[in-house]
Amino acid sequence: MSEHNQKFGFVAVAGAPNAGKSTLINALVGAKVSIVSPKVQTTRTRVLGIALHENAQIVFVDTPGIFQPSQNNKLEKAIVSAAWEGVEDSETLLLMVDASKKSGKATQYILDHLKDGKARKTILVLNKIDKVRRAELLDISQKLNESFDFEATFMISALKEDGTKQLLSYLASQMADEQWHYPEDHITDMPMRLMAAEVTREKLFYKLHQELPYNLTVETDTWENFENGDIKIEQTIYVTRDTHKKIILGKDGAMIKQVGQQSRQELSTFMETPVHLKLFVKVRENWQDDAERYSMWGLDPKASS
Ligand SMILES: Nc1nc2c(ncn2[C@@H]2O[C@H](COP(=O)(O)OP(=O)(O)OP(=O)(O)O)[C@@H](O)[C@H]2O)c(=O)[nH]1
Ligand SMILES: [Mg+2]
């Protein structure tokens, strides 16, 4: 690619929890860079996913879902604050809406904030159209467009990759004439140790229920590259209560074994080499108060919103 006709830009993706933001970014990048789960609040920090389309390099900023954090919950406040930062920094914003959801409260909350902020190109993306009737879709689109001045509206299914190509080529056409910021083969800026911890956290999200997924965190403690190419990774799952530890271990350690197998498989595929993964579970009642636990995600433990 000649450096003279390169295009480049950042595009933030924001919306209510579970709207499908991470699914969309993975589809546009063409690889899994951000973990996905059926539960809300899966993404905890800003994740960059870098996509190429013709002469354009587009850096997508995945953000945690925006919601009203509970008064005394430090982690929730830090997560939502990271999401707003992603939005504030962006020149172009995709506002993602789950069109199959009845209540648009979270979206309205975000729009009200956007109205007060700086001028930016905001594009409405109605997602999950595979679950919604067309008439309903047009109705949602009309209502949202009446309440906010969107640059464009797209109706897509991130999961089925329906309409995602059109969205990507539209965004590419909007990028400025600017040299690429990343090498051609870069798909994320996330450090591998964090990425590996995120993969394990995703597997736990699928297996665990109720409040448990939100009360745990995963960290990569050691990472060893062997001469034969194999990788050995040790990770600790921090939980807040002994009962949670028991659930994660499962009967005779069956649960943690399954989680370990699934995570190891995905990591081996991703890194194209055998991965040996060892998981530990530790109870640390107040990990949500440890500044150290936040720094690996680049989250601010003192965030106030
Ligand atoms: N039917 C359908 N499901 C979708 C679509 N896009 C995403 N999903 C599902 O919606 C759920 C949430 O997807 P995520 O990509 O994790 O959503 P998110 O907006 O990143 O969520 P948070 O990180 O928690 O804010 C997952 O179960 C996805 O498989 C879609 O187009 N159609
Ligand atoms: Mg997400």
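The values are calculated or read from the model by the stated rules, or taken from the named source; none is laboratory data. Because the structure is predicted, anything quoted here is derived from the model rather than measured. Please note: Cβ atoms are built from the backbone with ideal geometry, for glycine as well, and neighbour counts cover all protein chains shown. The accessibility values were calculated without ligands, DNA or RNA, using every heavy atom of the protein model including side chains. Shrake-Rupley method; radii C 1.70, N 1.55, O 1.52, S 1.80 Å.
Data table
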read-out	value
Total residues in region 260-287, condition within 22 Å of the chain's Cα centre (by Cα), more than 29 Å from Asp300 (Cα to Cα) and polar (S, T, N, Q)	4
Tally, over region 11-48, of residues that are part of a loop (DSSP other than H, G, I, E, B), at positive phi, within 11 Å of ligand 2 (Cβ to nearest atom) and not polar (S, T, N, Q)	1
Candidates Leu194, Leu171, Leu159, filtered to the one that is within 16 Å of ligand 2 (Cβ to nearest atom), surrounded by 15 or more Cβ atoms within 10 Å (Cβ to Cβ) and at pLDDT 95 or above	Leu159
Residue list for region 174-191, filter: polar (S, T, N, Q) and open to solvent by 50 Å² or more (accessible area, probe 1.4 Å)	Gln174, Gln179
Residue match in region 55-74 (condition: on the phi > 0 side of the Ramachandran plot and not assigned by TED's automatic domain parsing to the domain that holds Asp290)	no
Complete set of residues in region 34-53 that are touching a helix residue (DSSP H, G or I) at 6+ places or on another chain (Cβ under 8 Å), modelled with pLDDT of 95 or more and more than 22 Å from Lys101 (Cβ to Cβ)	Gly49, Ile50, Ala51, His53
Whichever residue in region 99-150 is hydroxyl-bearing (Ser, Thr, Tyr) and part of a loop (DSSP other than H, G, I, E, B) and, among such residues, is farthest from Ala19 (Cα to Cα)	Ser103
Whichever residue in region 1-13 is more than 9 Å from ligand 1 (Cβ to nearest atom) and surrounded by 22 or more Cβ atoms within 10 Å (Cβ to Cβ) and, among such residues, is farthest from Tyr206 (Cα to Cα)	Val11
Residues of region 49-86 satisfying the condition of being open to solvent by 10 Å² or more (accessible area, probe 1.4 Å), in a strand (DSSP E or B) and within 14 Å of ligand 1 (Cβ to nearest atom)	Val61
Criterion: outside the structural domain of Thr45 (by TED's automatic domain parsing) and modelled with pLDDT under 95 - qualifying residue of Leu212, Leu249, Leu267, Leu279	Leu212
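Here's the yes/no breakdown for (1) free of Cβ contacts under 8 Å to residues at least 60 places away in the same chain; (2) more than 22 Å from the chain's Cα centre (by Cα); (3) surrounded by 14 or more Cβ atoms within 10 Å (Cβ to Cβ):
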site: Leu111; (1), (2), (3): yes, no, yes
site: Val125; (1), (2), (3): no, no, yes
site: Ile129; (1), (2), (3): yes, no, yes
site: Ile140; (1), (2), (3): yes, yes, yes
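Residue by residue, here is whether (1) touching an Asp or Glu at 6+ places or on another chain (Cβ under 7 Å); (2) surrounded by 12 or more Cβ atoms within 10 Å (Cβ to Cβ); (3) more than 20 Å from Met190 (Cβ to Cβ) holds:
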position	(1), (2), (3)
His209	no, no, yes
Thr222	yes, no, no
Asn228	no, no, yes
Gln235	yes, yes, no
Thr240	yes, yes, yes
Lys245	no, yes, yes
Lys257	no, yes, yes
Glu292	no, no, no
